[in-house]
1. Of all beta bridges DSSP finds with both residues in chain A, what is the antiparallel percent, to the nearest 5?
2. Percent of accessible area on chain B owned by carbon and sulfur, 1.4 Å probe?
3. Residues of segment A:140-264: accessible area per residue at 1.4 Å, in Å²?
4. Just to verify a number: FRET efficiency for A:His65 and A:Glu154, C-beta to C-beta distance, R0 = 45 Å, to 0.05?
5. Output wanted: per-residue J couplings in Hz (rounded whole) for segment B:122-128, from phi through Karplus 6.51 cos²θ - 1.76 cosθ + 1.60, θ = phi - 60°, x for Gly and Pro.
6. With charges set only on the Cβ (+1 for Lys and Arg, -1 for Asp and Glu), what does the dipole of chain B come to about its Cα centre, in debye to the nearest 20?
7. What spacing in nm lies between the two simple spin-label points modelled at A:Lys230 and B:Ala250, each 7 Å away from Cα in the Cβ direction?
8. For chain A, build the charge dipole from Cβ charges (+1 Lys, Arg; -1 Asp, Glu) around the Cα centre, then report which of A:Leu44, A:Val159, A:Ala262 sits farthest towards its positive end.
Amino acid sequence: MSTTTGSSDGATAPGARRPPTAAIHSTEPLPLQPEEVAIHIQDLQFYYDQDAQALWDIDLECPRHRITALIGPSGCGKSTLLRCLNRMNELIDGTRYEGHIFLEGTDLYGTEVDPVALRRHVGMVFQKPNPFPKSVYENVAYGLRLHQKLTKKELDERVQWALEKAHLWDEVKDRLDDAATGLSGGQQQRLCIARALAVEPKVLLMDEPCSALDPVATQKIEDLMLELKKDVTIVIVTHSMSQAARVSDRTAFLYKGKLIEAGPTRQIFEAPREDLTEQYITGRFG
Amino acid sequence: MSGDGALLFTADADLHRRRRTERRWKAVLLVGASFSIVGLAVLIVRMLADGVPHMNLDFWSESYSPSGIRGRTAGIFDALVSSILVLGMTMVIAVPVGTAAGIYLYEYAHKSRLTDWIRATVSNLAGVPSVVYGLLGLAIFVRLFADTFGMPRQGTYLAAALTLAVLILPILIVATEEALKTVPATVRHASLGLGATKWQTIRHHVLPYALPGILTGQILALSRAAGETAPLLIIGLPTYQVFQTYGPLATGTPLQVRAYYLASDARQEAIDLAAGAIVVLLLATLALNLLAIFLRDRLQNRIRW
Ligand SMILES: Nc1ncnc2c1ncn2[C@@H]1O[C@H](COP(=O)(O)OP(=O)(O)OP(=O)(O)O)[C@@H](O)[C@H]1O
Ligand SMILES: [Mg+2]
């Protein structure tokens, strides 16, 4: 299952509607070296309730400074898995988990890990842009104010830095004091990304960040992600197979709470090992 | 779709019948609405006509005394001060407790059979007749407090305020919870996802967002407390105090209680005074409700949503 070369333009399976592999961005070799792994999920079980298990036996590795896409049909547990990574699931009463998630070697569910401290380092961008009902500036500054004592000048600099990182500075530099909710949907989502980036997280979790956006705004966010991965490890949930193909280096396919298959995006899209993956990729269900 | 040319958008017999039915019901509803509006208008005009002529300077600045009534120098000054004192103490006691309880129940209490039961009980308490609170106040805040803390064995301002505080507590708790419910989960998630604690999230995002609703609830609770007479009568606030003093353990006659006693007095002067007092109560309630609406709109616009 090494990287396929030459005539590999997706014409392998009969009747397949694969995303064109030319669009696949991944150049990742198959086996992940241990030192490349940023997030290591080990035998994770997750329960919303005593008898409502949502995730079964998840084993997954996400490479550092790469983009890992979680795909799968609606209700398969993508968001649940994502929220395990910043322990947001704990905010729901009655949830329970078993297993381990290591982030750079530290067990996130270890006794000495405080979820509030963790979330500072594992940022999250949500499906629907959710800026605070405050000014553009205050949105980005909020995380900084929470965690650091900065002078006004330092704060200004960091806010600008984060907005530039999120490719938003040029569009908002003259309206920093305006309401964030006055921005367009795509701008709001980039503002949310800037807000998350401002505190310099190690990991950025994105739950269908483009599902509320038009193609142009989506394109901007995808470009942004490819640039951001230089500094952060990104895990993205997406319903769009072509998006997974365009941006991700590795792809994990979930089905009914189980991880069916994970590997380099190119391999998953061109030569999935599992029939289920093949069926999903080619749009025959889900 | 009978194919013979253009569609005709004219009413047929069936539509005519439906139109007639509509006109008939509209008339019925109009009559109902007119009755209630006219009735209310007549009531208010009558009260204003009865009361306003007697609201001269003495009305505001003089206190009540049975003999003063005849000399026409009796007013509502002492009753007004008593009311403000009782209601002020009520709010000072009830607002922190009610708001805190609402925040705790909605934000912190884990969902369980017990909290469900507490929630249901609180909503039910909001509908309990106020006489019941009067009896509770009499038993606990007057008699029990007298026995255990050696407080005066009579209806004091403090006992009145505590009773009214308990009475509006359910309203405050429910209003706080309702206001918190309107805060979108996405805002909470955004804050928590950045590494804010729960309290920081509540303090920085949830409360500012919910504040208009909470404040509105508080003002409506105040106006409810201002209108309650029965519990105050039951805990035994006096009709008249010869040497009026003001303080938590003093006692006196708040305006609504005074109006009640005066209205059952046969003398014309007393009835006039009662009419004036009722106008004051009416306007105060109206003003509070308008303030609630005004505050809600003002604060809502301040939040950039
Ligand atoms: N708060 C919750 N309480 C109980 N069960 C939940 C909760 N959230 C999700 N679930 C259940 O867990 C399972 C996985 O849900 P999840 O939201 O992770 O799916 P998803 O893959 O993100 O779906 P989608 O693509 O529609 O967003 C579903 O069966 C869902 O019903
Ligand atoms: Mg989801």
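1. Among the beta bridges of chain A, antiparallel pairing accounts for roughly 55 percent.
2. 67
3. Counting only protein heavy atoms, the per-residue value for segment A:140-264 is 39 Å².
4. 0.95
5. Running phi through 6.51 cos²θ - 1.76 cosθ + 1.60 with θ = phi - 60° gives 4, 5, 5, 4, 4, x, 6 Hz.
6. Magnitude of the dipole: close to 800 debye.
7. Once both label points are built, they end up 7.5 nm from each other.
8. The residue sitting farthest along the positive end of the dipole is A:Val159.
The values are calculated or read from the model by the stated rules, or taken from the named source; none is laboratory data. Every value quoted in this text rests on a predicted model; they were computed, and no experiment measured them. Positions of Cβ are backbone-derived with ideal geometry, glycine not excepted, and every protein chain shown enters the neighbour counts. To get the accessible areas, we keep the full protein, side chains included, count just its heavy atoms, and leave off ligands, DNA and RNA. Shrake-Rupley method; radii C 1.70, N 1.55, O 1.52, S 1.80 Å.
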